[in-house]
Amino acid sequence: MQSPSQLNQISKDTRPLLQRYHDIRTVSESYIAPLSDADATVQSMEDASPAKWHMGHVTWFFETVILSEYSKGYQPFEDTFHYLFNSYYEALGARQPRPLRGMLTRPSLEKVMEYRSYVDEHMKRFLEADQSVEVAGLVELGLNHEQQHQELLLTDILHLFAQNPLKPAYKEPEPLAYDKDMELASGWTSFDGGVLEFGASDEGFAFDCERPVHKALVNPFKLANGPITNRQWLEFIQDGGYHNPLLWLSDGWAKCQAEGWVAPLYWEKRDSEWWVMTLRGMQHVDLDAPVCHISYYEADAFATWADKRLPLEHELELAALEADIKGNFASSGRLRPAPVKHTGGIAGLYGDVWEWTSTSFSPYPKFKAESGVVGEYNGKFMSGQQVLRGGSCATPEGHMRPTYRNFWHPEKRWQFTGLRLAEDV
C-alpha cells in the first residue's frame, strides 16, 4: 500500500501515539456502553449505520490498512469481517450493501467488541515498536477516521431513537443549565477581504480535501456574531417560511413539499409548545440555543427570508483563523447545542452546530487524489454536496481545525447542522 503524502502528517497533539490510540478507542467504547445489542443492530435509514457496524468498521480500518499491510505475520480476526465492515473502498473488494447493514443480526455486539479487543492488542504491540513516519501517518488517519465515526454514531443513535414511539433517551434527561442574565451573541463583524491564503499547511494532520494551501479572492463582507437561534427560526416558521415557494431553491421547495417539512427535524408541537427529540429524550425547544437539524435548503430559505445570504466557506475559515478552538463539543456531555454568549465579536464558530455554507464541495486548486486505497477517502465525494464548517455538540474535542471541511448533500437533516448569516459590504 502506497503511503499518501497529503495524509501522511503527524498530529500536533503531544501525547504518544499509543496513548492517543488508547484514549480515542476508549471514547468509542464509552459511546456504545448505554446500548443494548438490539439498539446497536437496527438501521433507521439508509444514511445511518447501526452502532455495531460503526464499531466494527473503524476496527476494520486499523486491521486492513495497517496491521494486514505492515505487521508481519498478522492473522485477521475473522475473514468474513473484511466483507461485513468495508464501507466504500472499491479497491478492497465487495462489501455488505450500505442499505442492508441493519440486517447483520450476527455477529453480535459482544463478538464485535471481541474483534475490537483483538485488534487493539495487536495494535498495542505494533505501536510499541518504532514505526516509520509513513505508518504513523496512517495511524493518524485511522484515529481521525474513528473520531468522525464517533460523531456519526451519536447522530445515528439519535435518529434511531427518534423513530421509536417511546422516544427513549440515550443519556438520562437533565435540567438545562441556563444563565438568565447571559447576553446572547449579536451584531456583526466586518472583514476587509483580499487575495488570501486558505487550506491546511503541511504541518500537522489534515484530511486530503483540506489541502493544498491556495490563494482565493474574498470580497469585503460582514459575518453575524452568532448562529441563528431557535427563537429566530420560530419567527421564520410563524411568517410562513415553510409555505412560501419564493424563498426556496427549486430543488429545496420540491423536497420541502415531498417530505412535508414544517419545522426542523425532530421538532414536534404539543398543544402550543414546540418540543424536540434529543439524545437526552424529548425536551422543550431551547429558544436561545442555535437551531439545528436543518438542511442546506432550509438554511438558504431562511437567509433569503432575512434578506441576507449564507457565508462562503473561505469567509468562515478567515473568521475561524482568528478564534480559539473552544466550544460546546461532545466532551461537554451536553449533547445538544447551547446558547452562545456575547463576546463583543464573533462567537460560537466551533461546536454546537455545523454551519452550512453556500460553497459546493469541490477540490481546491491543484488538488490531486493519492494513489491506493486512501485515495478514496474524500476525493471521490466532491460532487453534489455542500461544505459545512465549525463542528458540533457531537464532534470530539481536539478533532477540529480552522481548515476542517465537512460536507453533506443539501437535503440532509439528521446531523447537527445550523447556520449563521453573512452579507456583502
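List of remarks:
- Scanning region 228-279 for residues that are among the aromatic types (Phe, Trp, Tyr) and in contact with an Asp or Glu (Cβ under 6 Å, 6 or more places away or on another chain) yields a total of 1.
- Boolean, Ser87 is open to solvent by less than 50 Å² (accessible area, probe 1.4 Å), polar (S, T, N, Q) and more than 16 Å from Tyr377 (Cα to Cα): no
- Test result for His82, touching a residue at least 12 places away in the same chain (Cβ under 8 Å), within 22 Å of Tyr377 (Cβ to Cβ) and within 20 Å of the chain's Cα centre (by Cα): no
- Within region 174-205, considering residues that are within 25 Å of the chain's Cα centre (by Cα) and at positive phi, the one modelled with the lowest pLDDT: Gly204
- Among the residues of region 272-286, just one is in contact with a Lys or Arg (Cβ under 9 Å, 6 or more places away or on another chain) and among the acidic types (Asp, Glu), namely Asp286.
- Flag if Ala338 is assigned to a loop (DSSP other than H, G, I, E, B), over 29 Å from Met277 (Cα atoms) and touching a residue at least 24 places away in the same chain (Cβ under 8 Å): no
For every residue, the table says whether it meets (1) crowded, with 20+ Cβ neighbours inside 10 Å; (2) in contact (Cβ under 8 Å) with a residue 40 or more places away in the chain.
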| position | (1), (2) |
| --- | --- |
| Phe62 | yes, yes |
| Gly93 | no, no |
| Gln96 | no, no |
| Thr105 | no, yes |
| Tyr115 | yes, yes |
| Glu128 | no, yes |
| Gly137 | yes, yes |
| Leu143 | yes, yes |
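- Selection status of Ala299, under 27 Å from Gly194 (Cα atoms), more than 22 Å from the chain's Cα centre (by Cα) and surrounded by 22 or more Cβ atoms within 10 Å (Cβ to Cβ): no
- Answer residue from region 255-295, given it is in a strand (DSSP E or B) and among the polar types (S, T, N, Q) and is modelled with the highest pLDDT among those: Thr278
- Test: residue in region 163-180 that is farther than 21 Å from Phe61 by Cβ, in a helix (DSSP H, G or I), in contact (Cβ under 8 Å) with a residue 60 or more places away in the chain and out of contact with any Leu (no Cβ under 7 Å at 6 or more places or on another chain): yes
- Any chance Asn164 is open to solvent by 20 Å² or more (accessible area, probe 1.4 Å) and modelled with pLDDT of 95 or more: yes
- Single residue of Gln19, Gln75 found to be part of a helix (DSSP H, G or I), free of Cβ contacts under 8 Å to residues at least 24 places away in the same chain and either farther than 19 Å from Val135 by Cα or out of contact with any Cys (no Cβ under 8 Å at 6 or more places or on another chain) (or both): Gln19
- Among residues of region 312-335, those that are surrounded by 15 or more Cβ atoms within 10 Å (Cβ to Cβ) and part of a loop (DSSP other than H, G, I, E, B), counted: 7
- For region 13-48, the candidate set comprises residues that are open to solvent by less than 40 Å² (accessible area, probe 1.4 Å) and of a type in the set (Gly, Ala, Ser); within that set, the residue that is farthest from the chain's Cα centre (by Cα) is Ala40.
- Screening Lys111 against (1) without any contact (Cβ under 8 Å) to a residue 24 or more places away in the chain; (2) more than 29 Å from Gly379 (Cα to Cα); (3) exposed (fewer than 14 other Cβ atoms within 10 Å of the Cβ) leaves a single unmet condition, (3).
- All positions within region 27-59 that are more than 13 Å from Arg101 (Cα to Cα) and assigned to a helix (DSSP H, G or I): Val27, Ser28, Glu29, Ser30, Tyr31, Ile32, Asp37, Ala38, Asp39, Val58, Thr59
- For region 406-425, the set of residues classified as open to solvent by 10 Å² or more (accessible area, probe 1.4 Å) and of a type outside the set (Phe, Trp, Tyr) consists of Asn406, His409, Pro410, Glu411, Lys412, Arg413, Leu421, Glu423, Asp424, Val425, listed by residue number.
Yes/no matrix, rows are residues, columns are (1) in a helix (DSSP H, G or I); (2) within 26 Å of the chain's Cα centre (by Cα); (3) over 14 Å from His57 (Cβ atoms); (4) at pLDDT below 95:
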position: Arg95; (1), (2), (3), (4): no, yes, no, yes
position: Leu100; (1), (2), (3), (4): yes, yes, yes, no
position: Thr105; (1), (2), (3), (4): no, no, yes, no
position: Met113; (1), (2), (3), (4): yes, yes, no, no
position: Glu121; (1), (2), (3), (4): yes, no, yes, no
position: Lys124; (1), (2), (3), (4): yes, no, yes, no
position: Asp130; (1), (2), (3), (4): no, no, yes, yes
position: Glu134; (1), (2), (3), (4): yes, no, yes, yes
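The values are calculated or read from the model by the stated rules, or taken from the named source; none is laboratory data. What you see is a predicted model; the values in this text were computed from it and never measured. All Cβ positions, even for glycine, are placed from backbone atoms using ideal geometry, and neighbour counts span all protein chains on display. Heads up: the accessible areas ignore ligands, DNA and RNA and are worked out on the full protein's heavy atoms, side chains in. Shrake-Rupley method; radii C 1.70, N 1.55, O 1.52, S 1.80 Å.
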